[in-house]
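This report refers to the structure that appears directly beneath it.
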Amino acid sequence: MILVEEGQSPLILCLPHSGTEIPEVVGKRLNATGRLQVDLAWRLERVFGIREELDATLVRSTVSRYVIDLDEELSFQPKGPEVTSGGLCPVTTLDGKRIYREGEEPGPTEIEQRSLLFFAPYHNALRKQIGRLLEKHGTVVVLDCQSMRTHVRGVSSAGLPVVSIGTADGTSCASDLKNLVTGTFRNRDGYSLSVDEQTKGGHIARTFGQPGKGVHALTLLLAQRAYLRHESPPFEPDKIRVARLQAVLKEMLSQVIDWATASNVSSLAQRRIEKTGADFVPADGQRLAKAKKSQTSQVEEEPAVPLLVAE
């Protein structure tokens, strides 16, 4: 299910990896490692409970990234267990441990079916919100919010910085916006920072970030030590750490909104001059099928048919 909380400011917060739900037909094929779901952005929705104060729009999925990774390229070819990470429907943890029982990995047909059930509705919901706010403001900032364990073998073995920013090497957003976001964390006590290193920006940032059309997208990857008591089950939030992180994020996001608002006058005027009536289209030009039903609080497909078993 896709959850949408609409705001009126020019800021959209995406949480593609905070969902925990796994359909039964998938869950019964996971092994013990897969059932732990250690690679989720655990409790990140708690951190971004500040969205109402910012009047920001939030778009998140309740479905686990082990079912489908909403920040990956749309490809129906499965990656075998020898591939240690990545893929639309992962078959290993980020550090290369198998998550399915032997022979139970999804094949191309099932991956395509999962994309229709979960990927397309999420990206359609995000696209709809971008279009709504672009029409209203002329400039929109999309922040792809993620989190990860501090130490993941082969990914962040040396330790993940507290904050990692990805802008597709500066192509998914304006340079002054990138500087504004990174400047909030740079040289701040307790906040190590990497820019376009630990993350280059995921599929959402690369696809929807079109600065020339008024849409600026960045990936924000947080180390889970910044807000969790322990980076292991049950992934319990630490109230003090959450409050400290929220204070810094509110400062940064308020500046982002001010930046977008200042950019709105010229962008909105230009957009109205150039308007042809077409909806916003992601950078890759791919038009996904629209979700059948939508409302302010959630976007949900018709009752889902059972997913296919492994092929």
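The values are calculated or read from the model by the stated rules, or taken from the named source; none is laboratory data. On a predicted model such as this, the values are computed, not experimentally measured, just so you know. Virtual Cβ from ideal backbone geometry, glycine too; neighbours counted across all protein chains shown. Surface areas here come from the heavy atoms of the whole protein model, side chains and all, with no ligands, DNA or RNA. Shrake-Rupley method; radii C 1.70, N 1.55, O 1.52, S 1.80 Å.
Per-structure values
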quantity: From the options THR139, THR167, THR150, THR182, residue that is touching a strand residue (DSSP E or B) at 6+ places or on another chain (Cβ under 9 Å), among the hydroxyl-bearing types (Ser, Thr, Tyr), touching a residue at least 24 places away in the same chain (Cβ under 8 Å) and over 23 Å from LEU70 (Cα atoms); calculated: THR139
quantity: Complete set of residues in region 174-201 that are closer than 19 Å to VAL140 by Cα, part of a loop (DSSP other than H, G, I, E, B) and either touching a helix residue (DSSP H, G or I) at 6+ places or on another chain (Cβ under 6 Å) or among the β-branched types (Val, Ile, Thr) (or both); calculated: ALA174
quantity: Residue within region 110-119 that is in contact (Cβ under 8 Å) with a residue 12 or more places away in the chain, in contact with a Ser or Thr (Cβ under 9 Å, 6 or more places away or on another chain) and acidic (Asp, Glu) present; calculated: no
quantity: Test result for GLN210, open to solvent by 10 Å² or more (accessible area, probe 1.4 Å), at pLDDT 95 or above and touching a strand residue (DSSP E or B) at 6+ places or on another chain (Cβ under 9 Å); calculated: yes
quantity: Residues of region 205-260 classified as more than 22 Å from GLY19 (Cα to Cα), under 21 Å from the mean Cα position of the chain (by Cα) and among the aromatic types (Phe, Trp, Tyr), total; calculated: 0
quantity: Close pairs from region 90-104: first surrounded by 16 or more Cβ atoms within 10 Å (Cβ to Cβ), partner charged (D, E, K, R) and not in a loop (DSSP other than H, G, I, E, B), Cβ under 6 Å, at least 6 apart; calculated: THR92/ARG98
quantity: Selected residue (criterion: nearest to THR167 (Cα to Cα)) from residues of region 68-90 that are touching a strand residue (DSSP E or B) at 6+ places or on another chain (Cβ under 8 Å) and at pLDDT 95 or above; calculated: ASP71
